[in-house]
Every structure is written in C-alpha cells, then in structure tokens.
Amino acid sequence: MKIIVNILLQQMTLLDAAGQIVRRYSISSAKNGTGQERGSYCTPLGKHIVRAKIGQGAPVNTVFVRRRPTGEIYTPELAARNLNRDWILTRILWLSGCEPGFNRLGPVDTMRRYIYIHGSPDSAEMGKPGSIGCIRMHNHDLLDLFEQVSAGTPVEIVAG
C-alpha cells in the first residue's frame, strides 16, 4: 500500500502494491499552506512513512491530546465548551519524514512537529485547507484507511 496526498486537490489516494487505486478520500490540509519548518503550522511535503498507528479499538469520536485518549468523546456540546480546541479524533496515523534536511531531522522534522493524519468532527469541512499542519479526514474515511495500512506504509505529500 502507498498513500499519496495531493494538497492542490485536497485529496488522498490509497494505492495497492501494484500501484492501482484502492480508494480516494477528501482531506483538509493546513490553512497556512505547505512548508517544512517547525512552528509554521504548514503541511510538510515530500516522502514520509506512517511511523505509528494510534487508537486501535477506540470508539469513534474519541478525543486525543498528545496521542493519548483524554476519556472524552467528541460531541457538539463538548465543542461548544471548547471553542478554540484543535480536535484530533478517532485514530491517528503519525507521520515521519524520510528526507534528511527536508522533512527529517532538525527544524524540519515531520515527526517532531507531530504531523498526523487524523479524524475530525463530522462538521469539519473537507476539500479545502483548514488544519494547523496535519491532514484531517472524516472519521468514517479514517477508519477505512486505518484498517488498510500498517506502520511503515509510504506516504507522499505533493503540492499538486
């Protein structure tokens, strides 16, 4: 399997080992655009891998903070009490860059920037940038993707 994220199209494509399209998903990348630097709140480009899969077996809408479930389940009421919270829900695919000096090591390290593919509220708009660096998906799409990939799966993030 291989994941290709196209920032221009705001679309993720899952390919099988033969390079055939398995599925396409609508995503939301960073509202600040693309970039590698720590603190930029941009989505990093280039070759990555899924470093870790987090949340196996957790209920849909489980809230994660620092890759740990908080014990909360996302609801509109919880959102109304936490207006500025960046919601990381359901599952996390933690990315690690593969290109030293570009998206790995130093101030451009994707893993140390905590860049994930993660779930978001059903109300989150897909198909347009809106995150603070990560790649957001609707929960049902993320659950589908999560079951089909493993740690070490290649992920390529391209501008267009």
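The values are calculated or read from the model by the stated rules, or taken from the named source; none is laboratory data. No experiment lies behind these values; they were computed from the predicted model shown. With ideal geometry, Cβ positions are generated from the backbone for all residues, glycine too; neighbour counts draw on all protein chains shown.
Please find, within the stretch 70-89, the residue that is surrounded by the most Cβ atoms within 10 Å (Cβ to Cβ) out of those that are touching a Pro at 6+ places or on another chain (Cβ under 9 Å) and part of a strand (DSSP E or B). Looking at the filtered set, the residue picked out is Leu89. In the stretch 94-111 there is no residue that is among the β-branched types (Val, Ile, Thr), at pLDDT 95 or above and within 17 Å of Asn61 (Cβ to Cβ).
Please work out which residue is surrounded by the fewest Cβ atoms within 10 Å (Cβ to Cβ), limiting yourself to the stretch 32-69 and to residues that are part of a strand (DSSP E or B) and of a type in the set (Gly, Ala, Ser). Selected residue: Ala52. Might you check whether a residue that is under 21 Å from Ala17 (Cα atoms) and touching a Lys or Arg at 6+ places or on another chain (Cβ under 9 Å) occurs anywhere in the stretch 113-121? Yes, the stretch 113-121 contains at least one residue that is under 21 Å from Ala17 (Cα atoms) and touching a Lys or Arg at 6+ places or on another chain (Cβ under 9 Å). Residues in the stretch 1-30 that are surrounded by 14 or more Cβ atoms within 10 Å (Cβ to Cβ), part of a loop (DSSP other than H, G, I, E, B) and not small (Gly, Ala, Ser): 5 in all.
Scanning the stretch 112-129 for residues that are buried (at least 24 other Cβ atoms within 10 Å of the Cβ) and either more than 20 Å from Val155 (Cβ to Cβ) or touching an Asp or Glu at 6+ places or on another chain (Cβ under 7 Å) (or both) yields a total of 0. Among the residues of this structure, Gly133 counts as one that is outside any strand (DSSP E or B), at pLDDT 95 or above, crowded, with 16+ Cβ neighbours inside 10 Å and on the phi > 0 side of the Ramachandran plot.
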